[in-house]
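Here the structure comes first, spelled out in structure tokens, and everything after it is commentary.
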Amino acid sequence: MSIYDEAHAWYSANWDPKLSVGQWWKLLADSGWGLAWWPEGRFGRGLDHHQAHEADRARDDVGAFGPPGGIGVTLVAPTIFEHGPEELLDRFLPAIAYGETMWCQLFSEPGAGSDLAAVGTGAVADGDQWITSGQKVWTSGGHLADWAVLMARTDPDVPKHRGISFFIIDMHQDGVDVRPLRDMTGDSEFNEVFLTDAVVEKADLIGDLNDGWRAAMTMLQVERDLDAVGHDGGGDVINAVDLNQPVGEVQHEQRHGTSLSGFAYATGSLKDDVTHQLVADQADMTDPLVRQAVAGARINRRVLDWNGQRQVNASTVKYQNALLCRQLRDLGFSGGGIATQLGRIEQPDGGHFLKSALFAQGMAIAGGTDEVQRNIVGERILGLPKEPKVE
Ligand SMILES: Cc1cc2nc3c(=O)[nH]c(=O)nc-3n(C[C@H](O)[C@H](O)[C@H](O)COP(=O)(O)OP(=O)(O)OC[C@H]3O[C@@H](n4cnc5c(N)ncnc54)[C@H](O)[C@@H]3O)c2cc1C
């Protein structure tokens, strides 16, 4: 039986929109189908990217809700699989797989974005703990997170890439102050996070001490792949989902409501759906310019999916998705006509397209800017000479 047929049979037999989200996510995780790319015995089936996509296709065809979409599932777990230790998987994985914990990523700082190795947040050993202080910024979902992954400098006396460690930190403690930032969509999805003598347990180190740069790069690589193709079908990437609500209701709200995070649009195919729907409803489809723009966006989507599913190269697909976001934004504003100039709630589609469009530019920045992706492709894939270092 093919992966598709096997997954289709399982979803057909088990999908029940009347279950609570919590019940459904537990069933899904325990079956190994929801997180099929995770290892066997760890809520997955050890499928490669392409096979896992086949399983997801079967889920979509049955119409079932997908697994939790937060970064615990998509980024934290894959990084611990790669860098260990096993004890962290034992402690954190079940709650991640069942969608019971929210996570955020404490990487960027006011002085460390593209040059991430410049992180200034320090951590000092104190018995069985590390005491950490510093400021992080652009922390997506930080206001809802229970746990975070933290890049902190543990050895200031070695070259900058070598003195960083990668920790898990409890966000619910006095030393962590989360201050939401409002973005131009009108929502607050990212935050400043101030750490003042915050505590990290020594056991909560991912990978080896002072080797955090490698673990962080693994996470960014996974993130860039996922930005392009990976977030469809389940819980929102950032927003909390009520585990007690019937899963069918949540699925309906996510398809038709307007409370989704910008990431939910930008990192999946929802942006395509809302833009093409708006254009079909509002535009003059006999206009050759509109038809050309629609065709261009559809072709780019096909090429992106093809590249993404074959994991051609994380920087290439990430960059291509950022381009598609802007292409769809421009298509919607031109094809959608004057109605798209209205405020969000007055929009003909209730604000779906506008939220997606206003968030579009963010994807050229989040997870490493377009310029940085082009540098990576130029230097590591095409073998061009290295960019001069600022220092
Ligand atoms: C929507 C969104 C969500 C985010 N979520 C998170 C999060 O959850 N956690 C987190 O830690 N961070 C997050 N970020 C932050 C993001 O990772 C940084 O904004 C990004 O890495 C760029 O860093 P910067 O903003 O400091 O810009 P800078 O690094 O200051 O860059 C400024 C400009 O200079 C260009 N530039 C810099 N260096 C080079 C170079 N070597 N060659 C060519 N051009 C260069 C950049 O491309 C950019 O145009 C998020 C950002 C956005 C927009």
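Which pairs do you get when a residue that is among the charged types (D, E, K, R), found in the range 233-254, comes within reach of a residue that is surrounded by 19 or more Cβ atoms within 10 Å (Cβ to Cβ), reach meaning Cβ atoms under 7 angstrom, with the pair 6+ apart or on two chains?
236/69; 236/254; 236/260; 236/261; 236/264; 242/21
Does any residue in the range 205-228 that is not assigned by TED's automatic domain parsing to the domain that holds residue 147 come within less than 6 Å, Cβ to Cβ, of a residue that is assigned to a helix (DSSP H, G or I) and acidic (Asp, Glu) six or more places away or on a different chain, and which pairs are these?
218/82
Go through the range 11-34 and report how many residues are touching a helix residue (DSSP H, G or I) at 6+ places or on another chain (Cβ under 6 Å) and within 10 Å of residue 55 (Cβ to Cβ).
Selection size over the range 11-34: 3.
Quick check, is residue 315 touching a Phe, Trp or Tyr at 6+ places or on another chain (Cβ under 9 Å), within 16 Å of the ligand (Cβ to nearest atom) and not assigned by TED's automatic domain parsing to the domain that holds residue 113?
no
Give me a count of the residues in the range 112-159 that are in a loop (DSSP other than H, G, I, E, B), within 16 Å of the ligand (Cβ to nearest atom) and among the aliphatic types (A, V, I, L, M).
Final tally of qualifying residues: 4.
Restricting attention to the range 301-346, report how many residues are under 19 Å from residue 372 (Cβ atoms) and of a type in the set (Phe, Trp, Tyr).
Total satisfying the criteria: 1.
Before we move on, is residue 358 surrounded by 15 or more Cβ atoms within 10 Å (Cβ to Cβ) and in contact with a helix residue (DSSP H, G or I) (Cβ under 7 Å, 6 or more places away or on another chain)?
Spelling it out, it is not the case that residue 358 is surrounded by 15 or more Cβ atoms within 10 Å (Cβ to Cβ) and in contact with a helix residue (DSSP H, G or I) (Cβ under 7 Å, 6 or more places away or on another chain).
Given the condition within 20 Å of residue 49 (Cα to Cα) and either in contact with an Asp or Glu (Cβ under 9 Å, 6 or more places away or on another chain) or modelled with pLDDT of 75 or more (or both), answer yes or no: does some residue in the range 269-278 qualify?
Yes: the range 269-278 contains one or more residues that are within 20 Å of residue 49 (Cα to Cα) and either in contact with an Asp or Glu (Cβ under 9 Å, 6 or more places away or on another chain) or modelled with pLDDT of 75 or more (or both).
Mind listing whichever residues of the range 16-36 are assigned to a helix (DSSP H, G or I) and either small (Gly, Ala, Ser) or farther than 17 Å from residue 249 by Cα (or both)?
Residues of the range 16-36 that are assigned to a helix (DSSP H, G or I), as a first pass: 21-31.
Scanning the range 16-36 gives 22, 26, 27, 28, 29, 30, 31.
Take residue 322 and tell me if it is touching a residue at least 12 places away in the same chain (Cβ under 8 Å), within 11 Å of the ligand (Cβ to nearest atom), under 19 Å from residue 293 (Cα atoms) and crowded, with 22+ Cβ neighbours inside 10 Å.
Considered against the rule, which asks whether it is touching a residue at least 12 places away in the same chain (Cβ under 8 Å), within 11 Å of the ligand (Cβ to nearest atom), under 19 Å from residue 293 (Cα atoms) and crowded, with 22+ Cβ neighbours inside 10 Å, residue 322 comes out as yes.
Can you find a residue that is of a type in the set (Val, Ile, Thr), surrounded by fewer than 19 Cβ atoms within 10 Å (Cβ to Cβ), near the ligand (Cβ under 10 Å from one of its atoms) and free of Cβ contacts under 8 Å to residues at least 12 places away in the same chain anywhere in the range 366-389?
Checking the range 366-389: not a single residue is of a type in the set (Val, Ile, Thr), surrounded by fewer than 19 Cβ atoms within 10 Å (Cβ to Cβ), near the ligand (Cβ under 10 Å from one of its atoms) and free of Cβ contacts under 8 Å to residues at least 12 places away in the same chain.
Any idea which residue in the range 89-100 is farthest from the ligand (Cβ to nearest atom), counting only those that are buried (at least 19 other Cβ atoms within 10 Å of the Cβ) and not in a helix (DSSP H, G or I)?
Checking each candidate, the answer is 98.
Going through the range 191-212 one residue at a time, which ones are within 30 Å of residue 345 (Cα to Cα) and in contact with a Gly (Cβ under 7 Å, 6 or more places away or on another chain)? So that I can check it myself, show each step before the final result.
So in the range 191-212, the residues within 30 Å of residue 345 (Cα to Cα) come out as 191-192.
The one that is within 30 Å of residue 345 (Cα to Cα) and in contact with a Gly (Cβ under 7 Å, 6 or more places away or on another chain): 191.
How many residues does the range 177-193 contain that are out of contact with any Lys or Arg (no Cβ under 7 Å at 6 or more places or on another chain) and surrounded by fewer than 21 Cβ atoms within 10 Å (Cβ to Cβ)?
Number of matching residues: 9.
Give the range 37-70 a look and list any residue that's of a type in the set (A, V, I, L, M) and either more than 21 Å from residue 305 (Cα to Cα) or not in a helix (DSSP H, G or I) (or both), or say none.
Selection gives 47, 64.
The values are calculated or read from the model by the stated rules, or taken from the named source; none is laboratory data. Computed from a predicted structure; not experimentally measured. Note that we place each Cβ from the backbone using ideal geometry, even for glycine, and neighbour counts take in every protein chain shown.
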